[in-house]
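The values are calculated or read from the model by the stated rules, or taken from the named source; none is laboratory data. All values derive from a computational prediction rather than experimental measurement. When we count neighbours, we look across all protein chains shown, and the Cβ atoms used for this are built from the backbone with ideal geometry, even at glycine.
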Amino acid sequence: MTMQTPTSDSTLAAVLKSLDDDKAEDVVQIDLRGKSEMGDHMVIASGRSSRQVAAIAEKLTERLKQTFGILSKVEGRAAGDWVLIDTGDVIVHVFRPEVRDFYQLEKMWQNPGETVEAQ
């Protein structure tokens, strides 16, 4: 099997599919192009428990490695409250719902007057 060379859009599509496959909830994608140098896209999702959050993150990083050869930087997987996955082009945050409500990360990235809706 040959590795595909990922674009930010193909990486985003793979991230969204992986989150959907693993039953992540309240998935929101934010376009960072022109807003930040850290990546092109941010994806925020919730898992129902620490165990599910960690499993979603683990499966996502494994799928990106298998499909694209992307070695993602991962922080927070051991605790399972908030896992950050940095793929380079796509930044993924997977939260337990209570932790997500506390940090309200989506609100930091929306434009004034704009609402961010779950997909």
Check your understanding: Can Met42 be described as crowded, with 19+ Cβ neighbours inside 10 Å and out of contact with any Gly (no Cβ under 8 Å at 6 or more places or on another chain)?
Key -> yes
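Quick grid of which residues meet (1) touching a helix residue (DSSP H, G or I) at 6+ places or on another chain (Cβ under 9 Å); (2) at pLDDT below 95; (3) under 17 Å from Ser36 (Cα atoms):
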| site | (1), (2), (3) |
| --- | --- |
| Arg77 | yes, yes, no |
| Gly88 | yes, yes, yes |
| His93 | yes, no, yes |
| Tyr103 | no, yes, no |
| Glu106 | yes, yes, yes |
Check your understanding: Any idea how many residues of the range 43-96 are outside any loop (DSSP other than H, G, I, E, B) and either out of contact with any His (no Cβ under 7 Å at 6 or more places or on another chain) or under 19 Å from Ala14 (Cβ atoms) (or both)?
Key -> 36
**Study point:** Top-ranked residue of the range 14-39 - restricted to ones that are at pLDDT 95 or above and on the phi > 0 side of the Ramachandran plot, ranked as surrounded by the fewest Cβ atoms within 10 Å (Cβ to Cβ)
**Key:** Lys23
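Residue by residue through the range 11-56, note down the ones that are polar (S, T, N, Q) and within 20 Å of Gly88 (Cβ to Cβ).
Filtering the range 11-56 for residues polar (S, T, N, Q) gives 11, 18, 29, 36, 46, 49-50, 52.
Thr11, Ser18, Gln29, Ser36 - these are the residues of the range 11-56 that are polar (S, T, N, Q) and within 20 Å of Gly88 (Cβ to Cβ).
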